[in-house]
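The values are calculated or read from the model by the stated rules, or taken from the named source; none is laboratory data. For clarity, every value in this text was computed on a predicted model and none was experimentally measured. For neighbour counting, all protein chains shown are included, and Cβ atoms are generated from backbone atoms with ideal geometry for every residue, glycine included. Ligands, DNA and RNA are stripped out before the accessible areas are found, and what is left, the full protein with its side chains, is counted by its heavy atoms. Shrake-Rupley method; radii C 1.70, N 1.55, O 1.52, S 1.80 Å.
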Amino acid sequence: MAKKLLLNSCLVLSFIINLIFEFRVHAVPYDHTFTHECLAKPLKPQYNGGIVTNSELNEKLMGWAKFGNANIAHGESNDGNKYIIASKRKQSFDSFSQNFLLEKNKLYTFSAWLQVSHGKADISAIFKTRNGYRNAGLVVARKGCWSMLKGGLVVNVSGPAKLYFESDNTKVDIWADSISLQPFTHQEWKSHQDHNIHKFRKSSVKFQAVDQHNQPIPNATVSLKQRHHNFPFGVAINKNIIGNSAYQNWFTSRFKYTVFENELKWYANEVQRGVEDYSISDALVKFAQSNGVSIRGHNVFWDNESDQPSWVPGLSSNDLRAAAEQRIKSVMNRYKGQLFHWDVVNENLHWSFFESKLGANASAVFYEMASGIDGGTTPFLNEYNTIEQSSGGDAAAPSLYLAKIEQMREEGYNGHLGIGLQGHFSDPNLPYVRAAIDQLASADLPIWITELDVKSGPNQATYLEQIIRELHSHWAVDGIIIWSAWSPQGCYRMCLTDNNFNNLETGNVVDKIIHEWAHIADLPGTTDYN
């Protein structure tokens, strides 16, 4: 008897409603909003300012003091908007400040709106604590309009902290308004994750069991088996998997997405100019395809001079242009239609080898070529330290990543584009991770975590689990790839197994999360009277 199986969704809906109710009762909802546009007037502070005193500067300078040797003053625009000004700055940290008591067991999300007196300048929000400085985020502020800085921080010891703002451009006055610092407990933070997962990663489905006459079958026992979860989750592989049945079995029993560690890089495919060798990458593609595994392409070019084939750095500009054109045509045509992403110019915010040789628009030209060769594959940017740490001086801070995208558009590339975030973590700053992705999501482009790992240490597995849960719960993250290709000499920074392919603690974390995502087995299994 052919049957259509449908499971009543009432219990599922009831559970979700109860969860949302509990969320609203016990937690301040997290505010994911971020505005990349520079506005004539700042928006209201998030969380009404949280624990910031006089967050909108409506009470003159109450709660604020000078930091360093700046002069501070209260300003008001023609439309009545009020703000604080730091002028006559001699050093980067000369600005204004406010004192707080921060707690070790809290997570803090921070935001502010900033403007400068002329030109533009990078401005960071810094918290001076008992045992060091915590950078909460960075924004490129401009004259004549307000830019939103969004970030976050955690502290490893409770105690007093002083917020101030910093810019290496001491010629500009710094203006600030709508400043917010909101603390969350770990329980509240997890409730945000759970809320997002139920809202964006799941949906309610109704199944109905009927007989051959299309009549309902009440009290029927229904079993459901999830064949695979929908969220793309994978791990890197390398040449060591070829012919290694133990490695292959471990990998294929868990993952349907991968990336090759080094085997598609230019220095691996063309050791000697004009002598191309794709034998290993061909074998890896064949293995992945035979097991239904989707492949990210990594990478066509790498913008770091030290990561070129040995014969490339010494080429003249004309010879380099010819060699690069041959490279992109060769590798992308060979694997056309077989890869779902390509990192076209890897790390072109941190490095600029091709720009220095071929002109400032070199990346835009390569992305245009890539789009023309394989229009069905999304070309990605791919960077480190965008979400890993909140160092304001890093070349790939979220605001600078967005600026790079704008730059490429201005240089003429208007095709498809994706945001690749490598994710090589040390100690995770989850509020900053969440805020950074909020910012990048404003570009309305696909976002993937492309090389996730955590440095070795006693908390490696714990941190890995925390990070995966944070990333998976963010609505803007479209997939996660772990950077743990196995080698008998050890992995890049983090292995998931030992050399016999028995899970390490990190591998157990991955298995635990994969098992949780197979949530269908927990749903009710008996039909009602309908």
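Taking the protein heavy atoms of segment 46-187 in the context of the full set of protein chains, the accessible area attributed to carbon and sulfur is 46 percent at 1.4 Å.
The slack between Asp478 and Asp282, meaning 0.36 nm per residue of separation minus the straight C-alpha distance, is 67.9 nm. Separation of segment 260-321 and segment 94-146, taken as the distance between their Cα centroids, equals 41 angstrom.
Taken over the chain, the percentage of Cα pairs per 10 Å bin, counting from 0 up to the bin with the maximum distance, is 3, 16, 24, 23, 18, 10, 3, 1, 0. Its residue count N sets the reference 2.2 N^0.38 Å, and the alpha-carbon radius of gyration of segment 131-178 equals 1.36 times that reference.
Here the chain is treated with +1 on each Lys and Arg Cβ and -1 on each Asp and Glu Cβ, and its dipole about the Cα centre works out to around 780 debye.
Computed from the alpha carbon atoms alone, the convex hull of segment 220-526 holds 151 Å³ per residue. Since only Gly144, Asn54, Ser117 are under comparison, the one whose Cα sits farthest along the positive direction of the charge dipole of segment 46-187, derived from C-beta charges on Lys, Arg, Asp and Glu, is Ser117.
Find how much the distance from Ser245 to Ala65 grows on full extension, using 0.36 nm per residue of separation minus their present alpha carbon separation; answer in nm with one decimal. Kindly include the intermediate steps, with their values, before the conclusion.
Numbers: separation 180, 0.36 × 180 = 64.80 nm, distance 6.54 nm.
Fully extending the segment from Ser245 to Ala65 adds 58.3 nm.
The stretch between Asn131 and Asn105 holds 7.8 nm of extra length on full extension. This uses 0.36 nm per residue minus the Cα-Cα distance.
Per-residue packing, averaged as other Cβ atoms within 10 Å, sorts the ranges 148-154, 353-359, 74-80 into the order 148-154, 353-359, 74-80, beginning with the highest. In this simple spin-label model, placing a label point 7 Å from the Cα along the Cα-to-Cβ direction at both Asn291 and Ser487 gives a separation of 2.0 nm. As a calculated quantity, the FRET efficiency between Asp168 and Trp311 at R0 = 41 Å, using C-beta atoms, amounts to about 0.60. Solvent exposure of segment 372-417, expressed per residue, is 34 Å² of accessible area, with all protein chains present and a 1.4 angstrom probe. Checking the cross-link filter: which lysines have an alpha carbon closer than 27 Å to that of Lys60, excluding same-chain neighbours under 8 positions apart? Counting by Cα, and skipping residues close in sequence, Lys60 has these lysines nearby: Lys41, Lys44, Lys82, Lys88, Lys90, Lys120, Lys128, Lys143, Lys150, Lys162, Lys171. In segment 220-526, the portion of solvent-accessible area held by carbon and sulfur atoms comes to 46 percent [1.4 Å probe, whole percent, DNA, RNA and ligands not counted].
For segment 46-187, a crude dipole built from +1 on the beta carbon of Lys and Arg and -1 on the beta carbon of Asp and Glu, taken about the Cα centre, is about 380 debye to the nearest 20. In this simple spin-label approximation, Asp79 and Asn58 carry label points 7 Å from Cα along the Cα→Cβ vector, and these lie 1.7 nm apart. The simple Förster model, with R0 at 41 Å and r as the Cβ-Cβ distance, assigns Lys202 and Asp498 a FRET efficiency of 0.75.
Distance between the 7 Å Cα→Cβ label points at Arg334 and Thr221: 5.5 nm.
Which value, in Å to one decimal place, does the Kirkwood hydrodynamic radius take for segment 46-187 when every pair of different Cα atoms is included? Can you show the working numbers first?
Working: mean 1/r = 0.0667 Å⁻¹.
About 15.0 Å, per the Kirkwood formula over Cα pairs.
Comparing Ala70, Ala324, Gln389 along the charge dipole axis of the chain, the residue lying farthest to the positive side is Ala70, per the Cβ-charge model.
Computed over segment 329-445, the P(r) curve from all C-alpha pair distances, binned at 5 Å from the origin, holds 2, 11, 21, 23, 19, 13, 7, 3, 0 percent per bin.
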